[in-house]
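Just below is one structure, and these are the notes that go with it.
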Amino acid sequence: MIDLYSSPTPNGRKISIMLEELGVEYNPIFINLEKKVQFSEDFSKISPSNKIPVIVDKSNNQTVFESGAILLYLAQKYNKFINEENYWEIIQWVFFQMAYVGPMLGQAHQYLFYNSGKSKFAEEKSKGYTKHIYDILDKRLSKQDYFSNEYSIADIAIWPWTARFERHQVDLNNYPNVLRWYLQVSKRPAVIKGYNVVGNFFEIPKP
Ligand SMILES: N[C@@H](CCC(=O)N[C@@H](CS)C(=O)NCC(=O)O)C(=O)O
């Protein structure tokens, strides 16, 4: 049994989607970020950065924080959604998500969605980074169905961020390859289920 500490956010959803894809038994525990539960004493013991997601694998008493590390841990433990042949290809797209897609789109949400009108400079910068990211994603997906030759943790890492396209003001219709992939991944039963495991219910956004 795996405990998943999560919230209905892109980083949290990566892990519930992965666990649903794996079909393993897990226990979702809601960390209410609005109520600042991430700063509680108990949660601080397993999350040094006070952020979700975190898993505790009860089978070997292993705690893992950081969504990229959790995806890798689970992929290697169950030998799924990663493979030896395309190992580094998958890893580089996971790292690209962790280092660039998540941080930049997260900033874009701050400047374009939560605090719009406060800084023209930050808004323009965010729009530039967002366009750069989507150009890269679209180019990659123009060559193949998924980020590697088959559905992998790279897709699981990136998809929940693209599901926030409204918050970073992207019209997916302008990125036909991302749109095709987004819709394809949206249909997966594990994605539909994993999208809503903690907190309030949200529909998967339709472009
Ligand atoms: N690099 C981390 C980022 C985690 C992260 O930013 N989590 C957000 C929700 S998506 C969070 O817990 N925010 C609460 C806070 O910053 O107080 C990961 O990928 O796990």
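Could you work out the local net charge near Tyr146, counting Lys and Arg as +1, Asp and Glu as -1, over the other residues with Cβ closer than 10 Å to its Cβ?
On the way: positive: Arg140; negative: Asp145, Glu150, Asp155.
Cβ neighbours under 10 Å give a net charge of -2.
Extending 7 Å from the Cα toward the beta-carbon at both His132 and Lys118 defines two label points whose distance is 2.2 nm. In this calculation the C-beta distance from Asn27 to Glu85 is compared with R0 = 45 Å, giving a FRET efficiency of 0.85.
Total lysine pairs in region 1-109 at Cα distances under 24 Å, for residues eight or more apart or on different chains: 16.
Counting Lys and Arg as +1 and Asp and Glu as -1, what is the net charge of the other residues whose Cβ lies under 11 Å from the Cβ of Gln110?
Values: positive: Lys118, Arg167; negative: Glu123.
Local charge sum for Gln110: +1.
Put a dot 7 Å past each Cα toward the Cβ at Glu150 and Asp42; how far apart are the dots in nm? Going from the Asp42 label point to the Glu150 one covers 4.0 nm. Using only Cα positions of the chain, each an equal point scatterer, no hydration layer, compute I(q)/I(0) via Debye at q = 0.08, 0.14 Å⁻¹ and quote the log10 values to two decimals. The Debye formula, applied to the Cα set alone, gives -0.26, -0.83. With both labels modelled 7 Å from their Cα along Cα-to-Cβ, the Asn174 to Ile192 distance reads 3.1 nm.
Taken together, the values in this text are just the output of simple stated rules run on the coordinates, not laboratory data. The structure displayed is predicted, hence computed values, not measured ones. Backbone-built Cβ (ideal geometry, glycine too); neighbour counts: all protein chains shown.
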